[in-house]
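The block underneath contains the structure these notes are about, expressed in structure tokens.
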Amino acid sequence: MSQIDFNQLEKNFRISLDSQEGAIFSLSVADLTVEGGALQLIETYGRIIKAPDTATPAAAFCGWFAFLVAGFQYALSTWDAVPDMAPGNVTVQLHPVGDYDWFSFQIHPSTKAAPGGAGERAAWQQQVLREFYADTVRPFFACLAKVAKINVNQLWGQLTPKLLWSMDAFYQDVDEATKQRAADDYQYLKDELSPDVFGMKRNPFRVKTRKIESLVDPDQQVCLNTACCLLYRTADGDYCYACPRLKEEEREIRRKNYRAAVGQAT
């Protein structure tokens with residue numbers, strides 16, 4: 001272990017060592033922790049999604065930023081190593097992908113590997129988690145919330161669903177030791193890491209989650225989102241299928257309509 005597969009991070013989490021071609025926005029997290037940089041991000045993304053306010057692009061962007069967080073946690077558990085995601089080592093890029101504009105994250109190739117021994121790994125884990133969340137994510141989210149005039153809880157709330165999604169999506173075919181390590185690392189993140197790391201009264205990952213029937217497969221369950229991304233406020237927007245604001249009756253209607261359309265198409 002300790003050898004990070006950067007190709008896998010790029011494929012699954014939109015995390016790359018390379019700059020994206022044709023980027024229409026590119027700033028480091030260090031620059032985004034300054035109000036001018038955060039405002040530039042909000043205004044640029046807000047124009048693209050036709051947001052009616054500043055809160056909507058801030059919350060919606062954090063759904064993209066959750067890929068970076070999920071990739072960090074995945075590296076921690078899978079390779080016992082993490083990319084050095086200091087604020088100056090992470091660049092947020094918005095770039096065209098087909099007919100749409102997507103966010104990706106360019107990172108520095110430097111890494112931090114766990115030392116040998118269970119006791120040493122525990123101390124290393126605590127250190128790298130504190131550095132990432134306290135030094136990179138926390139000040140960025142605080143600045144973004146201030147500029148966007150949104151409660152910072154709404155931003156932190158975008159992260160948990162992506163973490164749970166990644167655990168469901170990418171740990172099915174790994175060995176049991178890796179699967180157990182991922183579960184233990186996630187439990188540590190939400191139950192053991194002090195709230196002061198996040199600048200909050202409580203750990204934002206320590207939230208109750210609920211499963212709902214998948215839109216696609218009635219035999220599968222997916223997690224209900226823990227916070228709304230606010231995209232319903234945009235001109236062409238609507239509540240996401242897993243949005244906590246969507247009524248169960250509407251969710252049932254969407255399932256029936258989707259499956260009927262798929263059945264007709266096949």
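Within the shell defined by Cβ-Cβ distances under 12 Å, the residues around Pro87 carry a net charge of -3, with Lys and Arg each +1 and Asp and Glu each -1. Among Met200, Met85, the order by Cβ neighbours within 10 angstrom, fewest to most, reads Met200, Met85.
By other beta-carbon atoms within 10 Å, ranking His108, His95 with the fewest at the front produces His108, His95.
Pairs of Lys residues in the range 6-214, spaced 8 or more positions apart or belonging to different chains, with C-alpha separations under 19 angstrom: 11 in total.
Less than 5 angstrom separates the built amide H of Lys112 from those of Val82, Asp84, all sequence-distant by 5 or more or on a different chain. Measuring r between the beta carbons of Ala177 and Glu131 and using R0 = 35 Å, the FRET efficiency lands at 0.85.
Counting beta carbons within 10 Å around each of Ile24, Ile15 and listing the fewest first gives the order Ile24, Ile15. Near Glu213, once Lys and Arg are set to +1 and Asp and Glu to -1 for all other residues with Cβ below 12 Å from its Cβ, the sum equals +3. Build a GNM of the chain with springs between Cα atoms under 10 Å: which of Pro96, Pro204, Pro87 gets the top mean-square fluctuation? Of Pro96, Pro204, Pro87, the Gaussian network model singles out Pro96 as fluctuating most.
Each reported figure results from applying straightforward, stated rules to the coordinates on display, with no laboratory input. Remember, predicted model here, so these are calculated numbers, not experimental data. Note that each Cβ is placed from the backbone with ideal geometry, even for glycine, and that neighbours are counted across all protein chains shown.
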